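Heads up: the structure comes next, in structure tokens.
Coordinate-derived values only; no laboratory data. Treat the numbers as computed from the prediction; the structure is a model and nothing was measured. Don't worry about glycine lacking a Cβ; one is built from the backbone with ideal geometry, like all the others, and counts go over all protein chains shown.
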Amino acid sequence: MSELDRSVRLVRAWVRRYTAGLDVQHAALRSAEVDSDLAEHERFRRDCGWPLARIDRERMRRSIMGIPDDLGWRREQLRTRSWHGVTTVVVPVTSAASLLLAAYHIAFAAFLLGNDSLADQQFWGRSPLHGFEGYADEAGAPSAALIIGGLGILVAIAALARPISPVVANAIAMPIALFAVMFFWQGVCHLGLNFHEAAATDLATRAPRPTPP
Amino acid sequence: MPRRKPGSLLPLEVSILSACHDAGVAGTHGFAMAQVIADAAASRRLTATGTLYRALQRLADAGLVENWWEDPNDALDAGRPRRRLYRITGAGANALTVALSDTKAPALHRFDPGYTS
């Protein structure tokens, strides 16, 4: 193995190192470009009549001097990829959570409209989650939740349809996703209590206990 | 990377754009740019590999240069790896004009300000 081959191998090993874990295509393109640069460099200096050892030293110097920028390039690639990943995950999750929330509240509102007696009892306000008790006792709470869900859907659609900054998209999407999931969870808990209480009420009214003799 | 105002170009980026401009529509590759930059600065030191290609990536991301890979057959005939070629865009030419008209920017290459690609 000549000195020149050794420098090429060292540079290639470094390229493999700083492109590790990146998108395969990006890494391959970077590697191919550096390979091309190495070959052009060698050809140019050979034409100038430089000895191989000198070409080797210059090539190594260029690579070493570029290490901070190689690492900076890697950081940029990783940042772009991670933000892209977060955007692709968070925006659909937000949309799904908002849709779920809206669907639940529509179904629950319909359930209440069909059962006036249940709505009057207000037992569905007893949330097992502390701090949320007041929410469901309010008469307009399901409507407010629907509006929040609807807004979430609109924002999520806007984020998907328009090429806005990933940071902005996530700043909007993340709190909405969290909010939607919390309300959805609360709703599920309420629904469980509703059925439990409805069944108990039904039993109490339809099957009165026989009076003891 | 040195700190700079958004939208402004680093001296290396101005030099790269100038080299791309000089190469015309046929485009040029990274190492050729390093040579041009060294010649213009009357230096024998070639730009570091990482510095050069990171700057090219920034310029490409900003839409100031466009790049493509040459025909594999051309590389095969020449007996070397394929080159990635770069060409200045219209936006790049405008940015170069602005940068060169700024007295603070190093003017390595002057060109016709009326140029549009």
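Mind checking A:29-42 for the average number of partner chain beta-carbons within 10 Å of each residue's beta-carbon?
Mean shielding count: 6.
Give the order of B:51, B:97 when sorted by the count of other beta carbons within 10 angstrom, beginning with the fewest.
B:97, B:51
Note the full-extension length gain between residue A:54 and residue A:181 as 0.36 nm times their separation in residues minus their Cα-Cα distance, in nm to one decimal.
Result: 39.3 nm gained on full extension.
Counting only Cα, what are the radius of gyration and maximum Cα-Cα distance Dmax of segment A:9-67, in Å?
Calculated on Cα positions, Rg and Dmax stand at 12.6, 40 Å.
Cα centroid distance between segment B:6-49 and segment A:1-71, in Å?
That distance is 18 Å.
In a shell of Cβ-Cβ distance under 14 Å around residue B:92, excluding residue B:92 itself, what net charge do Lys and Arg (+1) and Asp and Glu (-1) give?
Every neighbour counted, the sum reads -2.
Order B:7-20, B:71-84, B:33-46, A:54-67 from most to least packed using the mean count of other Cβ atoms within 10 Å.
My ranking of the peptides, most packed first, is B:7-20, A:54-67, B:33-46, B:71-84.
Find how much the distance from residue A:61 to residue A:79 grows on full extension, using 0.36 nm per residue of separation minus their present alpha carbon separation; answer in nm with one decimal.
Extra length available between residue A:61 and residue A:79 comes to 3.7 nm.
When Lys and Arg each count +1 and Asp and Glu each count -1, what net charge do the other residues less than 11 Å away from residue A:17, Cβ to Cβ, add up to?
Taking every Cβ under 11 Å from that of residue A:17, the sum is +2.
So for the pair residue A:17, residue A:31, with labels modelled 7 Å out along Cα→Cβ, what separation do we get in nm?
Calculated label separation equals 1.6 nm.
If you put +1 on each Lys and Arg Cβ and -1 on each Asp and Glu Cβ, how big is the dipole of segment B:57-97 around its Cα centre, in Debye rounded to 20?
That gives segment B:57-97 a dipole magnitude of about 160 debye.
What list do you get for B:70, A:40 if you sort them by fewest beta carbons within 10 Å?
B:70, A:40
Once label points are set 7 Å from the Cα along Cα→Cβ at both residue A:9 and residue B:71, what is their separation, rounded to one decimal in nm?
3.6 nm
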